[in-house]
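Everything below concerns the one structure shown next.
Rule-based calculations on the coordinates, nothing more; no lab input. Worth saying up front: this structure is predicted, and the values here are computed from it rather than measured. Note that each Cβ is placed from the backbone with ideal geometry, even for glycine, and that neighbours are counted across all protein chains shown.
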């Protein structure tokens, strides 16, 4: 497989970059597209359509093809994978039937490929991405490779979109199914946020709504451990501070913990809604604000993937949590540069509202504040 990555801040810039990428005879069959909601999705898709290029696309909170992260731009990874080695599906779930939707897609892919793997993106803030993951497991099995991210919208938290050729949805999922017998796909999800304090027990929760930890309202105990001030509804920066710097770390019996930042506060009882489920009775720890070690751990995690499972790769796709750039700021470029240098191959990535991957040593999970790196190689 040959791959090239291009970027631009307008349709005309993308058109020029696409033309230049194909000047040497390169004929891509597949485009992974990450773009800002401010970009003209339809015209960019039309450009790719004219070249008969299949599209897996998602809106984002920022885009990159190298160590320089962009805003209000488009980043595209172009690949010339054989068409018989992949399929793209886009389905909606207006009735919140996430698991059934994923099962339907997985069933179609299983008819196409003996061993399918999946790259997915999903839109709408209410989407229960864990149910999507369970749907793929129901049909393919616990071993299934699924990686992806939740669509963004430049941090407006209003409307996100996934799209493919001639279709888009703000309440659906786009899925790239790959034939693992012909496309090798390996990924790693790494967070790096350090835990602090002893394990505590979630004493009341329903799904992703956490009420109390050790019988204390979760907002109050987070305030105590984070040393937070001005914890009031009028503090517009409070949620970003909690989500980016003081997320809960949900402990798992198997594998690394997963991050569960509070995203919406219910001031009536000082509870909050997290990005994914936090079962009642589960164990959690709090987090320290990030430092340089956070970036080092991600880069080392990707290097370990190369050393142990993927010595060579043709292309790299990265889903990095939008909360990471809020916490790390300009230092985020150092992490992206380190990831890029592991294989030094064409890369495209986005800052997402959530990351989907197998936890290190564990199960498929909905992650946050995590970088998910996915390497591809055509056999």
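With respect to the chain, whose longest principal axis is taken over its alpha-carbon atoms, helix 41-50 is tilted by about 30°. Under a Gaussian network description of the chain, with springs only between Cα atoms under 10 Å, the residue in 301, 362, 152 that fluctuates furthest is 362. For the range 287-379, the alpha carbon convex hull comes to 105 Å³ per residue, rounded to a whole number.
A quarter of the convex hull surface defined by the alpha-carbon atoms of the range 1-123 gives 8.6 nm² as the mean projection. Computed over the chain with a Gaussian network model linking Cα atoms closer than 10 Å, the most mobile of 59, 164, 29 is 29.
Compared with the dominant Cα axis of the chain, that is its longest principal axis, helix 332-343 is turned about 50°.
GNM, the chain, Cα, under 10 Å: largest mean-square fluctuation among 287, 158, 169? Maximum fluctuation in the GNM of the chain, among the listed residues, is at 158. Of 270, 324, the sequence from fewest to most neighbouring Cβ atoms within 10 angstrom is 270, 324. Placing a pseudo-label 7 Å from each Cα along the Cα-to-Cβ vector at residue 112 and residue 92 gives an inter-label distance of 2.1 nm.
For a label point 7 angstrom out from the Cα of residue 38 toward its Cβ, which stretches of the range 2-25 have the backbone nitrogen within less than 16 Å? Within reach of a label on residue 38, which here means backbone N under 16 Å from a point 7 Å along Cα→Cβ, the range 2-25 contributes 8-14.
Based on C-alpha pairs under 8 angstrom that are at least 6 apart in sequence, the range 1-63 has a relative contact order of 35 percent. Provide Rg over Rh for the range 101-240; use the alpha carbon set for both Rg and the Kirkwood Rh (inverse mean inverse pair distance). Ratio value, two decimals: 1.06. Here the sum of -39500 (n - 2.57) over DSSP H runs of 4 or more residues, divided by the residues of the chain, equals -8000 deg cm²/dmol at 222 nm, to the nearest 500. Size descriptors for the range 195-287: radius of gyration and Dmax over Cα atoms are 12.0, 40 Å. Take every pair of alpha-carbon atoms less than 8 Å apart whose residues are at least six positions apart; their mean separation over the length of the chain yields a relative contact order of 21 percent. In the range 135-192, the ratio of gyration radius to Kirkwood radius, Rg to Rh, stands at 1.02 when only Cα atoms are counted.
Counting only alpha carbon atoms, the long axis of helix 129-140 and the longest principal axis of the chain meet at about 60°. Normalised by the number of residues in the range 195-287, the average gap of Cα pairs under 8 Å and 6 or more apart makes the relative contact order 42 percent. The value obtained for the chain, namely the Cα convex hull volume divided by the number of residues, is 127 Å³ per residue. Computed from the Cα positions only, the extents of the range 169-224 along the three principal axes stand at 52, 30, 17 Å, in decreasing order. The length gained on full extension between residue 264 and residue 280, counted as 0.36 nm times the residue separation minus their Cα-Cα distance, comes to 3.9 nm.
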